[in-house]
């Protein structure tokens with residue numbers, strides 16, 4: 001808690017304000033990732049992609065862009 005109190009003091013906020021803001025940001029980030037994964041699943045379904053297809057494409061991209 002001392003780290004939280006220190007940050008709150010530096011930002012001239014109460015501990016409660018800081019924790020509320022941290023919780024809000026956490027929830028927003030979690031919801032955003034859920035949206036991203038939902039979009040990815042829809043795209044995979046629409047294009048009949050399997051996880052292996054995605055991993056293969058990532059490997060191929062990394063091979064093309066890796067500088068030796």
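The table that follows gives values for the structure above.
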item: Boolean, residue 62 is on the phi < 0 side of the Ramachandran plot and either in a helix (DSSP H, G or I) or touching a strand residue (DSSP E or B) at 6+ places or on another chain (Cβ under 7 Å) (or both); result: yes
item: Filter result for residue 3 (touching a helix residue (DSSP H, G or I) at 6+ places or on another chain (Cβ under 9 Å) and in a helix (DSSP H, G or I)); result: no
item: Test: residue 6 is exposed (fewer than 11 other Cβ atoms within 10 Å of the Cβ) and at positive phi; result: no
item: Filter result (loosely packed, with under 10 Cβ neighbours inside 10 Å and either assigned to a helix (DSSP H, G or I) or in contact with a strand residue (DSSP E or B) (Cβ under 8 Å, 6 or more places away or on another chain) (or both)) within segment 42-57; result: 45, 46, 51, 52
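Computed from the coordinates by the stated procedures, all read-outs in this text should not be read as laboratory data. None of the values given here were measured: they were computed from a predicted structure. A quick note on method: Cβ atoms are made from the backbone with ideal geometry, for glycine too, and the neighbour counts reach across all protein chains shown.
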